[in-house]
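Peer 1: Provided herewith is a single structure, encoded as structure tokens, for subsequent inquiry.
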Amino acid sequence: MDIHEIVKKLVGNISPIGETNEDNRRFENLKVMTDLVDSLLSEMDEIVYRKSNNQEFSIKRAVDFIIDFMDEIGIVE
């Protein structure tokens, strides 16, 4: 089981099916999932903010990787 499967199992289904009671539960799951994504993106953004001027290879590699990832998903600085 990979981390994606574990998170999905912990949070629960987020895809609506057209049944009010179940979709209400899934909407709450969706809010949990978006809070998690926001938290993870904020943590990555903090790394870029605090470390972007660092010249050590390992730090620069991580910062560049995050910047490339955020560009790829459409998040611009």
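Peer 1: With the alpha-carbon atoms as the only input, what is the per residue convex hull volume for the chain in Å³?
Peer 2: Values: hull volume 8.8 nm³, N = 77.
Once divided by residue count, the hull of the chain is 115 Å³.
Peer 1: In debye, nearest 20: dipole of the stretch 23-77 around its Cα centre with unit charges on the Cβ of K, R (+) and D, E (-)?
Peer 2: 160
Peer 1: Follow-up question, since we're still on this one. What are the lysines whose alpha-carbon lies under 19 Å from the alpha-carbon of residue 9, with same-chain residues fewer than 8 places away excluded?
Peer 2: Partners found: 31.
Peer 1: Give me 1, 33 sorted ascending by neighbouring Cβ count inside 10 Å, so fewest comes first.
Peer 2: So the ranking, lowest neighbour count to highest, is 1, 33.
Peer 1: Have a look at 70, 40, 27 and report the one farthest towards the positive end of the charge dipole of the stretch 3-72, computed about the Cα centre with Cβ charges (Lys/Arg +1, Asp/Glu -1).
Peer 2: 40
Bear in mind these aren't lab numbers, they're just calculated from the coordinates by the rules spelled out. Computed from a prediction, not measured in an experiment: that's the story for all the values here. Positions of Cβ are generated from backbone atoms using ideal geometry, with glycine treated the same way; all protein chains shown enter the neighbour counts.
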